[in-house]
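J.: I'd like to ask some things about the structure below.
The values are calculated or read from the model by the stated rules, or taken from the named source; none is laboratory data. Predicted model only: the values in this text are computed from it and were never measured. Glycine gets a Cβ as well: all are built from the backbone with ideal geometry, and neighbour counts include every protein chain shown.
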Amino acid sequence: MGCAELLLHGDDLAQGLGAVLDPPRDVCTRVAARLFPEQEPVPGAWDFLRWCAGRIELPGRPRRTGWKWRGSPPEDGARPAE
């Protein structure tokens, strides 16, 4: 959750300063897979993470409201794929 908070709120800060945050896509993929395992990924890992967290809408996917991430450990103890 800490990674998601840094990425998403870092984006808020960057926008407020007129800058663009361009995080590593592999990090976005892993964070989204860990916190939103029920969501089917789409191309564009950064946009996908922002969509999962209700920040943006994606083509064919309206902006999410009332979302919740899974903060508990995976039931099987597995870690997201590298």
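J.: Go through the residues of region 13-24 one by one and say whether even a single one is modelled with pLDDT of 95 or more, outside any loop (DSSP other than H, G, I, E, B) and not small (G, A, S).
T.: yes
J.: If I go through region 38-52 residue by residue, how many of them are part of a loop (DSSP other than H, G, I, E, B) and over 15 Å from R64 (Cβ atoms)?
T.: 2
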